[in-house]
Amino acid sequence: MSGTTDDLAAERFARWWKETGERELRQVLYWRWDPLGVSDYFPSTADEYDGYAPGVVALLRLGVDEDALRQHLEFLERDRMALPPRGPERCAATAQLLRSWFADSVDAWARDGSS
C-alpha cells in the first residue's frame, strides 16, 4: 500500500479545495489583496484574481514561509500584472493573512465539515 497516506492527504486536500478553499481564497484575493483596485467594481470584476488562486494555494500547501509568499505576490503584481512596485509591506501583510487563513480554513473544515 505505497503512498496511501499521501493519496489520502491529496484526496482530503482536493475535497477541502472544492468544498471550501477555492471560494474562500477567491474572497481573500479579491477583497484583501486587490492590487488592481477592482473590488470597487464588484460584481462585474469578481473573478479578476481567480487565475492566481491555484498557484497561491499550492505554495500554501507546500508550507512556504511568509517571505516566499510575499515574493510570489510581488512577482504576480510586477510580472503578470505589470504594476509598479509599491513596497513590500502590503504584500507582506497579505502573505501573513493568507497563511493564517489557510491554516484556520483547513483546520475548521477538518473539524466541522470533512466527514
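The values are calculated or read from the model by the stated rules, or taken from the named source; none is laboratory data. All values derive from a computational prediction rather than experimental measurement. Here the Cβ positions follow ideal geometry from the backbone for every residue, glycine too, while neighbour counts run over all protein chains shown.
Some notes on this structure:
- Residue list for the stretch 69-85, filter: in contact (Cβ under 8 Å) with a residue 24 or more places away in the chain and surrounded by fewer than 16 Cβ atoms within 10 Å (Cβ to Cβ): ARG80, MET81, LEU83
- Residues of the stretch 51-66 satisfying the condition of being surrounded by 12 or more Cβ atoms within 10 Å (Cβ to Cβ), over 14 Å from ALA10 (Cα atoms) and among the charged types (D, E, K, R): GLU66
- For the stretch 87-115, taking the residues that are without any contact (Cβ under 8 Å) to a residue 40 or more places away in the chain and in a loop (DSSP other than H, G, I, E, B), the one that is nearest to LEU62 (Cα to Cα) is identified as SER115.
- Per the listing LEU60, LEU69, the residue uniquely of a type outside the set (Phe, Trp, Tyr) and within 19 Å of ARG86 (Cα to Cα) is LEU69.
- None of THR45, THR4 is at pLDDT 95 or above, among the hydroxyl-bearing types (Ser, Thr, Tyr) and over 20 Å from ASP107 (Cβ atoms) except THR45.
- Any hit, the stretch 44-55, residues being outside any helix (DSSP H, G or I), touching a helix residue (DSSP H, G or I) at 6+ places or on another chain (Cβ under 9 Å) and β-branched (Val, Ile, Thr): yes
- Some residue of the stretch 66-79 being modelled with pLDDT of 95 or more and basic (Lys, Arg): yes
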